[in-house]
Amino acid sequence: MDNHQKKNLTFLTIGLIFMLSGIEYAVILPTIWRYLQILEAPPYFLGLGLSAFSMSGLLTGPLFGFWSDRSKTTKSIILFSNIFEIAGNFMYFLGYSKWLLLCSRLVAGVGAGAGSSIFGFLTRCTQPEERAGIFAAIMACRQAGLLVGPAFNLFLRLCDFKLGPFVVNKYTSPGIFMCLLWVLLQFAVLAMYWDIPSISSKEEGAVIVEMKQEEVEEEMPLMGSDEEPVHTYRAVNSDLVETSTSSEMQPFHGASTVSNPFKNFSASREFLREEVVVLLTAQFITLFNQTALETMVTPLTQRYFSFSELGNSLMYSLCGVEVILGFFFVRWLSRRVADRAVLAVGLVICCTACIWCLIFLCKPRGGYGWELSAFIIGVFLQLLGLPFVAVSQVSLFSKVTAEKTQGFSQGVRRSVGGLATILGPLWAGGLTNNLYIMLGMMLALLIMITVMTVLSYDRLTEPRAVQCAQSSDSGG
């Protein structure tokens with residue numbers, strides 16, 4: 001199997017990992033509240049259960065990223081992290097008490113921390129110009145999981161039997177179902193995932209091989225003699241090239257795997273730069289607003305439009321389709337437009353959507369048809385801007401931070417996003433009856449990050465030294 005096939009299969013496996021994370025969210029979320037009620041849990045346990053998953057991922061993301069940066073491998077990390085997903089979902093299936101259910105989400109969230117290692121891996125083995133498109137496709141896989149997840153609930157809710165001493169019903173079945181899916185994924189990772197060398201290491205290795213071959217070719221006339229048979233001379237030369245090349249390559253590979261990428265690393269120097277602060281802020285605000293809106297939408301549709309569970313499911317399905325199409329549009333657009341321009345467009349769309357919601361949704365006017373139309377337009381605009389901001393800020397972040405510590409940096413970025421997913425629902429949950437305050441705060445945050453992006457626009461690009469090096473390589 002050549003490297004191109006290995007790379008495609010590896011990317012396919014990564015897509016499956018993100019799809020399963022989306023399926024897990026979509027399968028467990030609809031039933032966890034009723035499950036907690038059966039276990040006699042107080043209402044605040046719902047928030048604890050949902051936040052526990054994000055909290056453990058927030059804490060473990062940088063650790064997994066640090067591990068991948070030191071070892072330059074991700075396959076073993078993925079296999080290890082998936083064990084936590086398997087154990088957490090099996091604990092969810094057991095469900096003896098509300099505390100076990102809470103711990104199950106905490107344990108499963110550890111597995112989500114491996115996402116930082118995966119983004120670091122994608123950064124190291126892709127060219128900067130193709131990176132945004134690949135990130136868009138990976139994010140679309142998670143949205144696809146969110147879209148197909150409710151379909152699995154259609155048959156999971158029919159479960160009503162015993163598996164030995166364990167009860168399998170519509171509340172416990174999502175746990176054992178996801179447990180089995182993560183087990184199957186382990187076999188997929190073992191069979192289809194390869195730790196592809198980083199592009200920089202392959203380029204450096206190629207330079208070393210080329211230099212050694214030139215040296216050997218220069219020495220060839222001195223090593224041979226007129227009396228020596230031609231075929232013997234060629235054999236000696238071939239062996240020499242092979243052994244000298246391999247011997248010279250050994251120190252290089254050793255340096256790439258054993259050397260400490262954090263030797264001269266400074267967190268303040270890496271993360272307190274202007275462009276990095278802007279992108280981390282964009283990450284926080286995007287996910288804060290997204291989770292706040294997700295929290296607000298269901299009460300809003302019940303209050304104004306009397307949507308049933310079927311109506312909400314249909315709405316979420318349509319939203320999922322829009323987001324997936326948005327990611328693939330951004331994937332196409334990123335090949336033609338700079339990442340910072342995509343980010344700017346996304347922020348303008350998000351600001352427009354928030355202003356629309358402030359004007360038309362806080363105090364709806366007109367009849368049912370007009371109110372529903374205003375709501376649909378508001379949701380459409382909110383979701384339209386999401387792929388633009390999400391993909392561009394991840395791609396830019398991978399370019400303005402050091403490649404050798406990319407796993408740890410991506411872990412920090414995902415931890416910032418995890419904090420936003422915890423605070424967003426808490427903020428919106430208490431303000432569903434005060435939409436002016438809730439949406440006003442969201443708009444203020446969007447205006448702030450838009451102004452920051454405008455002021456730092458010239459710095460939101462790949463470092464000039466890297467660009468010059470790439471242009472000289474392509475010119476050579």
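The values are calculated or read from the model by the stated rules, or taken from the named source; none is laboratory data. Quick caveat: nothing in here was measured; it's all calculated off a predicted structure. Backbone-built Cβ (ideal geometry, glycine too); neighbour counts: all protein chains shown. Just the protein is used for accessible areas: all its heavy atoms, side chains included, with ligands, DNA and RNA removed. Shrake-Rupley method; radii C 1.70, N 1.55, O 1.52, S 1.80 Å.
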(message) Checking the conditions here, which among LEU384, LEU343 is among the aliphatic types (A, V, I, L, M), touching a residue at least 40 places away in the same chain (Cβ under 8 Å) and touching a Gly at 6+ places or on another chain (Cβ under 8 Å)?
(response) LEU384
(request) Scan region 279-293 and give yes if some residue there is hydrophobic (A, V, I, L, M, F, W, C), more than 17 Å from VAL379 (Cβ to Cβ) and at pLDDT below 85, otherwise no. (result) no
(request) Quick one: which residue in VAL348, VAL337 is open to solvent by less than 60 Å² (accessible area, probe 1.4 Å) and aliphatic (A, V, I, L, M)? (result) VAL337
(request) Being hydroxyl-bearing (Ser, Thr, Tyr) and either farther than 19 Å from LEU419 by Cα or touching a strand residue (DSSP E or B) at 6+ places or on another chain (Cβ under 8 Å) (or both) is the filter here, so list the residues in region 1-57 that pass it. (result) THR10, THR13, THR31, TYR35
(message) I'd like to check something: does region 433-440 contain any residue that is under 22 Å from THR301 (Cα atoms) and assigned to a loop (DSSP other than H, G, I, E, B)?
(response) yes
(message) Please pick out the residue among LEU372, LEU318 that is at pLDDT below 85 and open to solvent by 30 Å² or more (accessible area, probe 1.4 Å).
(response) LEU318
(request) For GLY366, indicate whether it is outside any helix (DSSP H, G or I) and either open to solvent by less than 30 Å² (accessible area, probe 1.4 Å) or not acidic (Asp, Glu) (or both). (result) yes
(message) SER313 - would you say it is in contact (Cβ under 8 Å) with a residue 40 or more places away in the chain and either closer than 26 Å to TYR25 by Cα or among the polar types (S, T, N, Q) (or both)?
(response) yes
(request) Take PRO165 and decide whether it is in contact (Cβ under 8 Å) with a residue 60 or more places away in the chain and either at negative phi or not aliphatic (A, V, I, L, M) (or both). (result) no
(message) What's the total number of residues in region 5-22 that are hydroxyl-bearing (Ser, Thr, Tyr), over 17 Å from SER76 (Cα atoms) and either outside any helix (DSSP H, G or I) or more than 13 Å from the chain's Cα centre (by Cα) (or both)?
(response) 0
(message) If I ask for residues that are touching a Gly at 6+ places or on another chain (Cβ under 8 Å) and assigned to a helix (DSSP H, G or I), which ones from region 149-181 would you list?
(response) GLY149, GLY175
(message) Just to verify a result, which residue in region 387-403, among those that are hydrophobic (A, V, I, L, M, F, W, C) and either more than 12 Å from the chain's Cα centre (by Cα) or over 22 Å from PHE288 (Cβ atoms) (or both), is most open to solvent (accessible area, probe 1.4 Å)?
(response) ALA402
